[in-house]
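**Student:** Okay, here's the structure, questions in a sec.
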């Protein structure tokens with residue numbers, strides 16, 4: 001997946017959902033200013049912002065997100081870029097730090113997840129940077145349900 005984003009302060013929920021979809025998405029909590037735009041240009045990222053007054057610098061691209069609700073924001077970004085997320089890319093990034101997750105064995109997850117989760121889950125992923133562990137539980141199923149209802153995907 002070669003589409004990469006830099007989101008401004010006002011798009012925190014969108015950042016999380018783009019990461020769930022597998023997109024490399026950074027969240028800049030500072031002002032959406034020339035430095036913000038320069039960072040996007042230097043790293044080859046598409047700017048996602050709510051600030052209607054930003055102007056492109058360098059060779060960057062800016063999408064001013066108009067929708068207020070995150071579900072509509074996701075659809076808006078995907079539509080503007082004419083992209084459809086691939087289901088195989090879902091939930092491969094850390095929701096906190098954007099790093100690609102690594103698969104870990106059940107034994108490696110022991111003691112780092114609740115006992116109930118350890119007993120009832122067989123598949124775990126871990127962020128090599130922030131050490132957060134992810135597993136396929138009710139939260140993952142709820143995410144899939146939301147995505148299936150609201151987000152266009154490529155057929156497998």
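**Student:** Any idea which of (1) at pLDDT below 85; (2) part of a helix (DSSP H, G or I) is the one residue 30 doesn't satisfy?
**Tutor:** Tallying (1) at pLDDT below 85; (2) part of a helix (DSSP H, G or I), residue 30 fails exactly one: (2).
**Student:** For the stretch 39-134, which helices (runs of 4 or more DSSP H) that fit wholly inside it have 3 or more residues that are surrounded by 15 or more Cβ atoms within 10 Å (Cβ to Cβ)?
**Tutor:** 70-81
**Student:** So which residues in the stretch 68-80 are out of contact with any helix residue (DSSP H, G or I) (no Cβ under 6 Å at 6 or more places or on another chain) and farther than 15 Å from residue 24 by Cα?
**Tutor:** 68, 69, 72, 75, 76, 79, 80
**Student:** Still on this structure, I have one more. Starting from the stretch 70-83, take each residue that is not assigned by TED's automatic domain parsing to the domain that holds residue 48 and list its partners that are surrounded by 15 or more Cβ atoms within 10 Å (Cβ to Cβ), counting only C-beta distances under 9 angstrom and pairs at least six apart or across chains.
**Tutor:** none
**Student:** Still on this model: Just checking, how many residues over the stretch 1-19 are in contact with a helix residue (DSSP H, G or I) (Cβ under 6 Å, 6 or more places away or on another chain), in a helix (DSSP H, G or I) and buried (at least 21 other Cβ atoms within 10 Å of the Cβ)?
**Tutor:** 2
Yes/no matrix, rows are residues, columns are (1) within 16 Å of the chain's Cα centre (by Cα); (2) closer than 25 Å to residue 144 by Cβ:
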{"position": "12", "(1), (2)": "yes, yes"}
{"position": "24", "(1), (2)": "yes, yes"}
{"position": "28", "(1), (2)": "yes, no"}
{"position": "36", "(1), (2)": "no, no"}
{"position": "50", "(1), (2)": "no, no"}
{"position": "66", "(1), (2)": "no, no"}
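**Student:** Are any residues in the stretch 120-131 out of contact with any helix residue (DSSP H, G or I) (no Cβ under 7 Å at 6 or more places or on another chain) and at pLDDT below 95, and if so, which ones?
**Tutor:** The first filter runs over the stretch 120-131 and keeps only residues out of contact with any helix residue (DSSP H, G or I) (no Cβ under 7 Å at 6 or more places or on another chain), leaving 120-121, 123, 125-131.
Selection gives 120, 121, 123.
The values are calculated or read from the model by the stated rules, or taken from the named source; none is laboratory data. Since the structure is predicted, the reported quantities are computational estimates derived from the model, not experimental observations. Every residue, glycine as well, gets a Cβ built from its backbone with ideal geometry; the counts of neighbours run over all protein chains shown.
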